[in-house]
Ligand SMILES: NC(=O)c1ccc[n+]([C@@H]2O[C@H](COP(=O)([O-])OP(=O)(O)OC[C@H]3O[C@@H](n4cnc5c(N)ncnc54)[C@H](O)[C@@H]3O)[C@@H](O)[C@H]2O)c1
């Protein structure tokens, strides 16, 4: 190695692993994904090792192939040929990854950590995208007091982030007949393994979305929660997780025919539904699903107290599109309503709502939800409170005489995720509207900590990218600010692409952001 730089040629690729031959005559196995985009057999690659022994970073020198490759290989092979490298590139026994880990309440750190070699019942995977959930903020705020965060998190920090999508790198022998390197995947994090609340993104040392690489533990596969993903963009795979929670909530509601004890699952088809505090990203996804699912209501009211959010929501899930599906969709601001219960009930002709979803852990919102229930009305408390003593009044006269009832859901199940993926693939729902900000792994920790005060909706992170968290609406301004730099070019391209897609994040934008990384979309 001269001046800390080693010249290599890419000899071949086997199941996602690139075999490189170095000028030192040694071979180096590294995940193909860790090489620059465009690397192929015969490519010349320079590898440098940071002084403190951090993993190699690669630069593509040329993509030549053919004779030149043979000549270089012969030249490189002249010196002594050892079995494997000693400088620990990715893919070796000592795999390193950057990850954002929770150490204790509000203590979130971007670190480089070492992943152990996988066991026969584990899978090594490359995470590409991870969208950020308000529930992660709540987990960070609570630390070990959170139900899913281990008590010993201070000694064994966990990788956060549970809305992730990526590619499998290496499969332990036990799962070799089911998965293979190169497969794209998503994870359903609500494993419910043996009744435990442990979930990727909350509870595991080596498995969470805020990481370049992860080790997927056996219980994920045992619970059938590692799902193959064939969608054409990684970010849709990330959004399959929050969508699955929404879908789960809709399936968990139930109704009972008078005189029977049979719970009919799901919302009332053609009924009256309300999503309270529903102009956040999750409420937006819920409105999209309600309009396009097979049990669409005839009336859907979405309330909030944030005008800007309500306006954007109505531009994304439009009342016109809802009308085409037989749904009377209205977005209303309840902030100035003197009596929100009377105001909302009136919209149903006084009858009340069959299905009410509460999307903020706010006492008054829960109580409004209770007040607007119809006979046999079901209130779904979807929001996740941070206060373990969170309580609200519920009218038990109506429970007794009006059969009103309440359910609560946290997460979805594997079927909910499959349903979300299938609806996205068919174009029946487009959760891209949930995303308003894009960033790199460097922006992850601050974003999670500041999440409640950052305007807009969902924040999407590409874990192999370094980029400040930036609103899609600000791409143009960022491009002007950084004009003449590679980042400026990136923002200019992203601005043009997203503008051509109605201001929404899309597959083309994802391909552009991944173009300069080792990850090919
Ligand atoms: N059950 C699950 O599986 C699951 C999964 C993911 C997220 N969640 C929870 O769902 C909730 C919604 O997620 P989000 O990301 O959209 O959150 P968010 O905080 O971005 O959105 C909540 C919305 O509630 C509105 N709001 C606040 N107080 C209100 C009031 N008094 N009246 C009317 N509107 C009010 C806010 O303006 C905001 O638009 C969160 O509590 C989150 O933790 C649950």
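The values are calculated or read from the model by the stated rules, or taken from the named source; none is laboratory data. Just so it is clear, the structure is predicted and the values come from calculations on it, not from any experiment. Neighbour counts run over all protein chains shown; Cβ positions are idealised from the backbone, glycine included.
Quick one: would you say residue 183 is over 16 Å from the mean Cα position of the chain (by Cα), free of Cβ contacts under 8 Å to residues at least 12 places away in the same chain and over 16 Å from residue 113 (Cβ atoms)? Full working, then the answer.
Details: over 16 Å from the mean Cα position of the chain (by Cα): yes; free of Cβ contacts under 8 Å to residues at least 12 places away in the same chain: no; over 16 Å from residue 113 (Cβ atoms): yes.
Considered against the rule, which asks whether it is over 16 Å from the mean Cα position of the chain (by Cα), free of Cβ contacts under 8 Å to residues at least 12 places away in the same chain and over 16 Å from residue 113 (Cβ atoms), residue 183 comes out as no.
Scan 279, 287, 313 and give me the residue that is part of a loop (DSSP other than H, G, I, E, B), within 15 Å of the ligand (Cβ to nearest atom), surrounded by 24 or more Cβ atoms within 10 Å (Cβ to Cβ) and touching a residue at least 12 places away in the same chain (Cβ under 8 Å). Spell out the reasoning first.
Numbers: 287 fails: part of a loop (DSSP other than H, G, I, E, B); 313 fails: part of a loop (DSSP other than H, G, I, E, B).
Within the list 279, 287, 313, the selection yields 279.
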### Message
I'd like to check something: does the stretch 70-92 contain any residue that is modelled with pLDDT of 50 or more, buried (at least 20 other Cβ atoms within 10 Å of the Cβ) and touching a strand residue (DSSP E or B) at 6+ places or on another chain (Cβ under 9 Å)?
### Response
no
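Can you pull out the residues in the stretch 367-378 that are touching a helix residue (DSSP H, G or I) at 6+ places or on another chain (Cβ under 6 Å) and more than 12 Å from the ligand (Cβ to nearest atom)?
Of all residues in the stretch 367-378, those touching a helix residue (DSSP H, G or I) at 6+ places or on another chain (Cβ under 6 Å) come to 368, 371-372, 375.
Once the filter is applied, which keeps residues that are touching a helix residue (DSSP H, G or I) at 6+ places or on another chain (Cβ under 6 Å) and more than 12 Å from the ligand (Cβ to nearest atom), the stretch 367-378 yields 371, 372, 375.
Does any residue of the stretch 424-434 turn out to be assigned to a helix (DSSP H, G or I), more than 15 Å from the ligand (Cβ to nearest atom) and touching a helix residue (DSSP H, G or I) at 6+ places or on another chain (Cβ under 6 Å)? Spell out the reasoning first.
Filtering the stretch 424-434 for residues assigned to a helix (DSSP H, G or I) gives 424-425, 431-434.
Filter once more, keeping what is more than 15 Å from the ligand (Cβ to nearest atom): 424-425, 432.
Filter once more, keeping what is touching a helix residue (DSSP H, G or I) at 6+ places or on another chain (Cβ under 6 Å): 424.
Looking for residues that are assigned to a helix (DSSP H, G or I), more than 15 Å from the ligand (Cβ to nearest atom) and touching a helix residue (DSSP H, G or I) at 6+ places or on another chain (Cβ under 6 Å), one finds at least one in the stretch 424-434, hence yes.
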### Query
Which ones in the stretch 167-182 are in contact with a helix residue (DSSP H, G or I) (Cβ under 8 Å, 6 or more places away or on another chain) and assigned to a strand (DSSP E or B)?
167, 169
### Query
Looking at the stretch 95-166, what strands (runs of 3 or more DSSP E) fall wholly within it and have at least 2 residues that are at pLDDT 95 or above and more than 30 Å from residue 506 (Cβ to Cβ)?
95-104, 107-115
### Task
Scan the stretch 334-354 residue by residue and report those that are buried (at least 18 other Cβ atoms within 10 Å of the Cβ) and either within 13 Å of the ligand (Cβ to nearest atom) or on the phi > 0 side of the Ramachandran plot (or both).
334, 340, 344, 352
### Message
I need the full set of residues from the stretch 263-276 which are part of a loop (DSSP other than H, G, I, E, B) and in contact with a strand residue (DSSP E or B) (Cβ under 7 Å, 6 or more places away or on another chain), in order please.
### Response
267, 268, 271
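Could you tell me whether residue 208 is assigned to a loop (DSSP other than H, G, I, E, B), touching a strand residue (DSSP E or B) at 6+ places or on another chain (Cβ under 8 Å) and either surrounded by fewer than 24 Cβ atoms within 10 Å (Cβ to Cβ) or not assigned by TED's automatic domain parsing to the domain that holds residue 379 (or both)?
Working: assigned to a loop (DSSP other than H, G, I, E, B): yes; touching a strand residue (DSSP E or B) at 6+ places or on another chain (Cβ under 8 Å): yes; either surrounded by fewer than 24 Cβ atoms within 10 Å (Cβ to Cβ) or not assigned by TED's automatic domain parsing to the domain that holds residue 379 (or both): yes.
Taking the combined requirement at face value, the residue satisfies it.
Can you name the residue in the stretch 290-310 that is over 17 Å from residue 247 (Cα atoms) and touching a helix residue (DSSP H, G or I) at 6+ places or on another chain (Cβ under 8 Å) and is also farthest from the ligand (Cβ to nearest atom) among such residues? Break it down stepwise before answering.
Quick first cut of the stretch 290-310, residues over 17 Å from residue 247 (Cα atoms) only: 298-299, 301, 303-310.
After this cut, where a residue has to be touching a helix residue (DSSP H, G or I) at 6+ places or on another chain (Cβ under 8 Å) as well, the list is 301, 303-304.
Working: 301: 12, 303: 5, 304: 4 Å.
Per the criteria, the residue is 301.
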### Query
Given the conditions (1) in contact (Cβ under 8 Å) with a residue 60 or more places away in the chain; (2) buried (at least 23 other Cβ atoms within 10 Å of the Cβ); (3) more than 16 Å from the ligand (Cβ to nearest atom); (4) not assigned by TED's automatic domain parsing to the domain that holds residue 362, which single one is not true for residue 201?
(3)
### Query
Restricting attention to the stretch 301-310, and to residues there that are part of a helix (DSSP H, G or I) and in contact (Cβ under 8 Å) with a residue 40 or more places away in the chain, which single residue is surrounded by the fewest Cβ atoms within 10 Å (Cβ to Cβ)?
308
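When you go through 357, 381, 390, 394 one by one, which is the residue that is touching a residue at least 12 places away in the same chain (Cβ under 8 Å), touching a helix residue (DSSP H, G or I) at 6+ places or on another chain (Cβ under 8 Å) and within 9 Å of the ligand (Cβ to nearest atom)? Before you say what the answer is, go through the steps one by one.
On the way: 357 fails: within 9 Å of the ligand (Cβ to nearest atom); 390 fails: within 9 Å of the ligand (Cβ to nearest atom); 394 fails: within 9 Å of the ligand (Cβ to nearest atom).
So the residue among 357, 381, 390, 394 that is touching a residue at least 12 places away in the same chain (Cβ under 8 Å), touching a helix residue (DSSP H, G or I) at 6+ places or on another chain (Cβ under 8 Å) and within 9 Å of the ligand (Cβ to nearest atom) is 381.
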### Query
Restricting attention to the stretch 450-484, and to residues there that are within 15 Å of the ligand (Cβ to nearest atom) and not in a strand (DSSP E or B), which single residue is surrounded by the fewest Cβ atoms within 10 Å (Cβ to Cβ)?
453
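Looking at 323, 337, which one is farther than 19 Å from residue 252 by Cα, touching a strand residue (DSSP E or B) at 6+ places or on another chain (Cβ under 8 Å) and free of Cβ contacts under 8 Å to residues at least 12 places away in the same chain? Write out each step before concluding.
Values: 337 fails: touching a strand residue (DSSP E or B) at 6+ places or on another chain (Cβ under 8 Å).
On inspection, the qualifying residue turns out to be 323.
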### Message
I need a count of the residues in the stretch 490-521 that are modelled with pLDDT under 95 and in a helix (DSSP H, G or I).
### Response
1
## Note on the structure
Across the stretch 327-364, the tally of residues that are in a strand (DSSP E or B) and modelled with pLDDT under 95 stands at 0
### Task
Inspect all residues belonging to the stretch 398-414 and state whether any of them is assigned by TED's automatic domain parsing to the domain that holds residue 249, modelled with pLDDT of 95 or more and out of contact with any strand residue (DSSP E or B) (no Cβ under 8 Å at 6 or more places or on another chain).
yes
### Summary
For the stretch 435-449, the count of residues that are more than 16 Å from the ligand (Cβ to nearest atom) and over 25 Å from residue 143 (Cα atoms) equals 1
### Task
Out of 193, 236, report the one residue that is modelled with pLDDT under 95 and either touching a helix residue (DSSP H, G or I) at 6+ places or on another chain (Cβ under 7 Å) or more than 16 Å from the ligand (Cβ to nearest atom) (or both).
193
